[in-house]
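Asker: Before I ask anything, here is the structure I am working with.
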Amino acid sequence: MENLEKISVRNVEQFYQHPTDKKAYIKVLENINLDIYEGQFVCLVGPSGCGKSTLLNIIGGLIKPTKGDVLVDSSKVNGPGSDRGMVFQGYALLPWRTVLKNVELGLEINKVPKKDRKRMAREFIDLVGLSKYEKYYPGQLSGGMRQRVAIARGLAYNPKVLLMDEPFSALDAQTREILQYELLNIWEKTKKTIVFVTHSVDEAIYLANEVVILGSNPGRVVKKLNVDLSYPRSHDNSEFQKLRKEIWSEISQQVNKSSNTEDRKRSDDYEIA
Ligand code: ADP
């Protein structure tokens, strides 16, 4: 099958205002060029603060890049669109809606008939293990549970492109493993294009068929790696371990480089395991 380009990031640069010197700007992303093909599962990894979330938000249309363009299906991204669904770290749930109603929201937007909405929303709530909590409001749930509601809503919305920003980071190890496995099942069934930001090298290798490593100061693509291992993947596999070493070594170099610069970034929150 011919590879169809789904997302094309072209010469993207992003500047942010300096936090203290309002006249100065910091270059956060430099010359980002990335082609993501239909049905690919791409993980973005890199040191904390290298611009992973910024890049994801630019693809989602929530941030307009200072320079460059993003194309989805050859059309320029000018803002958020129903072709792209986002699952954020910060949940973005509506506090006045119950769990069920939050998950139904994506279905409402997609104009799914009312009679089918509840049933479909419940399937995704069940998938993330929250069936007993469908009548709860976000304020009555723990952080990890809210995160699971956000994931259920993102999946129910059923976009062609799913953009996920550390969606599993607040979850306990067991729930995280279950959802990683389920996400792969959904991806295999639906052939969605997924762009997934994570700070866990293991998570990236477990999920992605391409890992894109970003360096920092400014954020740029330093390496792209194909992961050709068959699914489901075992963390103990020797090829898995080789990739882990390779990615980790690249990230460590980036962290060392960035800690030598004036604009020092946090390097202590990177997972090796
Ligand atoms: P990552 O996701 O890799 O941790 P981010 O994209 O969140 O990185 O942030 C990249 C850099 O841009 C960081 O130094 C962060 O402090 C800065 N930054 C992020 N958002 C803003 C903003 N809205 N205004 C100014 N600086 C920002």
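Asker: Output the residue which, of all residues in segment 249-261 that are out of contact with any strand residue (DSSP E or B) (no Cβ under 7 Å at 6 or more places or on another chain) and surrounded by 17 or more Cβ atoms within 10 Å (Cβ to Cβ), is nearest to Leu44 (Cα to Cα).
Answerer: This residue is Val255.
Asker: Would you say Gly39 is surrounded by 17 or more Cβ atoms within 10 Å (Cβ to Cβ) and either on the phi > 0 side of the Ramachandran plot or more than 16 Å from the ligand (Cβ to nearest atom) (or both)? Full working, then the answer.
Answerer: On the way: surrounded by 17 or more Cβ atoms within 10 Å (Cβ to Cβ): yes; either on the phi > 0 side of the Ramachandran plot or more than 16 Å from the ligand (Cβ to nearest atom) (or both): yes.
Criteria met by Gly39.
Asker: Please count how many residues of segment 111-152 are small (Gly, Ala, Ser), in contact (Cβ under 8 Å) with a residue 12 or more places away in the chain and either touching a helix residue (DSSP H, G or I) at 6+ places or on another chain (Cβ under 8 Å) or closer than 14 Å to Arg97 by Cβ (or both).
Answerer: Let us first name the residues in segment 111-152 that are small (Gly, Ala, Ser), namely 121, 129, 131, 139, 142-144, 150, 152.
Now drop any that are not in contact (Cβ under 8 Å) with a residue 12 or more places away in the chain, which leaves 121, 129, 139, 143-144, 150, 152.
Of the ones still in play, those that are also either touching a helix residue (DSSP H, G or I) at 6+ places or on another chain (Cβ under 8 Å) or closer than 14 Å to Arg97 by Cβ (or both) are 121, 129, 139, 144, 150, 152.
Qualifying residue count, segment 111-152: 6.
Asker: Same structure again: So, of the residues in segment 162-178 that are away from the ligand (no atom under 15 Å from the Cβ) and not in a loop (DSSP other than H, G, I, E, B), which turns out to be least open to solvent (accessible area, probe 1.4 Å)?
Answerer: Checked segment 162-178; the qualifying residue least open to solvent (accessible area, probe 1.4 Å) is Leu162.
Asker: Go through segment 3-35 and give me each residue that's open to solvent by 90 Å² or more (accessible area, probe 1.4 Å), assigned to a strand (DSSP E or B) and of a type in the set (Lys, Arg).
Answerer: Passing the criteria: only Arg10.
Asker: Taking His199 as meeting all but one of (1) surrounded by 17 or more Cβ atoms within 10 Å (Cβ to Cβ); (2) modelled with pLDDT of 95 or more, write down the number of the exception.
Answerer: Result: His199 passes all but (2).
Asker: Among the residues of segment 51-69, are any more than 16 Å from the ligand (Cβ to nearest atom) and open to solvent by less than 80 Å² (accessible area, probe 1.4 Å)?
Answerer: yes
The values are calculated or read from the model by the stated rules, or taken from the named source; none is laboratory data. Small disclaimer: the values here were computed from a predicted structure and weren't measured. All Cβ positions, even for glycine, are placed from backbone atoms using ideal geometry, and neighbour counts span all protein chains on display. Quick note on the areas: whole protein, heavy atoms, side chains included, nothing else; ligands and nucleic acids left out. Shrake-Rupley method; radii C 1.70, N 1.55, O 1.52, S 1.80 Å.
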